[in-house]
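Working notes for the structure below.
The values are calculated or read from the model by the stated rules, or taken from the named source; none is laboratory data. Since the model is a prediction, treat every value here as computed from it, not as a measurement. Cβ atoms come from the backbone with ideal geometry, glycine included; neighbour counts cover every protein chain shown. SASA here: full protein model, heavy atoms, side chains in, ligands and nucleic acids out. Shrake-Rupley method; radii C 1.70, N 1.55, O 1.52, S 1.80 Å.
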Amino acid sequence: MTWSILRLLRENPEALRESMRKRGLDPSIVDRAVELDTAWRQLKRRVDEVRHRHNVVTRSISRARDPEERRRLIEEARRLIREREELEAQLKRVEEERRKLLLSLPNIVHESVPVGPSDEYNVPVRFWGKPRVHPDFLEAFRQQTEKYGFKVDYELIDWKPVGHADMLEKVLRLGDTLRAAKVAGSRFYYLFDDLVWLDLALLLYAMDKLTSKGYRLVEPPYMIRHKILMGVIDVETFKEAIYKIEGEDLYLIATAEHPLAGLYSGEEIMEDRLPIKLVGVSPCFRREAGAGNRDLKGIFRVHQFHKVEQFVYAKPEESWDILEELIRNAEELFQGLGLPYRVVNVASGELGAPAAKKYDLEVWMPAQGRYREMVSASNTTDWQSYRLNIRLVRRKGMVREYVHTLNATGIASTRTITAILENYQEPDGTVVIPKVLRRYLEPFERAPKEAIYPVKKE
RNA sequence: GCCGGGGUCGCCUAGCCUGGUAGGGCGCCGGCCUGCUAAGCCGGUGGGGGUGUCCCCGCGCGGGUUCAAAUCCCGCCCCCGGCGCCA
């Protein structure tokens, strides 16, 4: 059973150093890891050897009948224990250090990932839809399209759309972040009436589409243990994103990805059961500790929201195809909603530690003149499954390896609502409801069907 | 929260009282045999190190006793059942 990172560490450490450099991390960690691993292996041999000698003596005691002989053997065993304990203490130290270091290593950057320290190095791979562009943003629009060699058809509009935050609080008056701040703090929100229906309709839409593709619908635990959490994220993410339950070994999930990855932790999965495709629906809780003052207004970046999440357990040889499938699924959802987007191949420096490669789907925001992230799709290869000990059993020869895991947003409710508020906005402030959502609103008498209307000005 | 039962190599299970290399069944893998299939027979079946034939570790987790712990002792976690509480 081999973990890709450990294999590379022993067989081709330079490749691992290169991967670290691409992420903008110190490659000397790799050298330290090689050192520790070598030391560990040497020490392990010595310990095993002494353990063996002790075992031989110990076993011979039960067979020894002569009391004098027994006394002599027990004396010998005691001597070996002292020798063993000294070596074992050393081994334990090295082993612990090695374990920590190995778990701190990020996934290996895939060869197709653009190299660069920031999102400016993200490479758009395709565009869809016809964005509405105000003349003020025309130059910015070109910078985000033509600069990369894409010719994107757009609609020039002569009125300036109101930003999603003001739409929410002032034009529609269906959201209240000020009172939410009073009650819970900043980055919380109250949604009312039509926007609540819209939130739920978005979730139903994504659940409906993805289950029709054969994804199994899951409502997971919203709190999970520390052990599971550290199997799916790195320490940085943990510090920035995770809420802890006081006095218990429980943490609020930041996404359904976490409990879905934990679902088969510690288990063996027969290869003919793969791929296992899941669609989770859950609230998500995020501290946004590192976000600073970014997106402080509105509901673009908040401490809690609802999300429909795609998650797949896959065989290693199929995971790269499945990553494409996941981003295509998300694209279908956004095409259905009629929101113009681009897909970017995320630069090496912006990948989270778990991901080997990541696509973001970014929707054009007419009031901001920017494409903004709505969806993230990652192949985490065996990074999570190694930590969670999820093995793949091959029929042929009963070989054991680690499965690959992948995750991707389907729809994140609040963020998608911001995109709708800007893209479906009419000059008078009316927000037209995307047609695909209407069937999920039809059954409810009080739900909006065609559009959401601004409050009348007195 | 209380009481009781339990956690053994993928699954099921024996061993625990009485300490001395963890056994069986199912499943799976490889082979033999056989018109085919089934059955039958033989071997294998967790992690690690080393490598022609080897060794170490592994019985929920962590300690302790012992030359030696699945087995005895202490603490903890989890699961099941009953009681209590309860949306």
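Some points to look at:
- Cβ pairs under 9 Å, 6+ apart, first in the range A:81-96 and within 11 Å of RNA strand B (Cβ to nearest atom), second open to solvent by less than 70 Å² (accessible area, probe 1.4 Å) and not in a helix (DSSP H, G or I): none
- Among the candidates A:Glu75, A:Glu88, A:Glu18, residue that is within 30 Å of A:Val115 (Cβ to Cβ) and of a type outside the set (Lys, Arg): A:Glu18
- Test result for A:Lys396, open to solvent by 30 Å² or more (accessible area, probe 1.4 Å) and in contact with a helix residue (DSSP H, G or I) (Cβ under 9 Å, 6 or more places away or on another chain): yes
Okay, residues lined up against (1) outside the structural domain of A:Leu388 (by TED's automatic domain parsing); (2) within 29 Å of A:Gly129 (Cβ to Cβ); (3) of a type in the set (A, V, I, L, M); (4) in contact with a strand residue (DSSP E or B) (Cβ under 6 Å, 6 or more places away or on another chain):
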{"position": "A:Cys284", "(1), (2), (3), (4)": "no, yes, no, yes"}
{"position": "A:Arg287", "(1), (2), (3), (4)": "no, no, no, no"}
{"position": "A:Gly290", "(1), (2), (3), (4)": "no, no, no, no"}
{"position": "A:Arg294", "(1), (2), (3), (4)": "no, yes, no, no"}
{"position": "A:Lys307", "(1), (2), (3), (4)": "no, yes, no, yes"}
{"position": "A:Pro316", "(1), (2), (3), (4)": "no, no, no, yes"}
{"position": "A:Leu337", "(1), (2), (3), (4)": "no, yes, yes, no"}
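- First in the range A:399-410 and outside any strand (DSSP E or B), second anywhere and of a type in the set (Asp, Glu), Cβ under 8 Å, 6 or more apart: A:Val403/A:Asp382
- The listed residue being surrounded by fewer than 19 Cβ atoms within 10 Å (Cβ to Cβ), touching a strand residue (DSSP E or B) at 6+ places or on another chain (Cβ under 6 Å) and of a type in the set (A, V, I, L, M), out of A:Val432, A:Val363: A:Val432
- Of residues in the range A:167-208 being within 21 Å of A:Glu450 (Cα to Cα) and among the acidic types (Asp, Glu), the one least open to solvent (accessible area, probe 1.4 Å): A:Asp199
- Applying the set (1) assigned to a loop (DSSP other than H, G, I, E, B); (2) without any contact (Cβ under 8 Å) to a residue 60 or more places away in the chain; (3) within 13 Å of RNA strand B (Cβ to nearest atom) to A:Asp26 leaves exactly one unmet item: (3).
- Members of the range A:64-80 found to be within 22 Å of A:Glu49 (Cα to Cα) and open to solvent by 50 Å² or more (accessible area, probe 1.4 Å), listed by number: A:Arg72, A:Ile74, A:Glu75, A:Glu76, A:Arg78, A:Arg79
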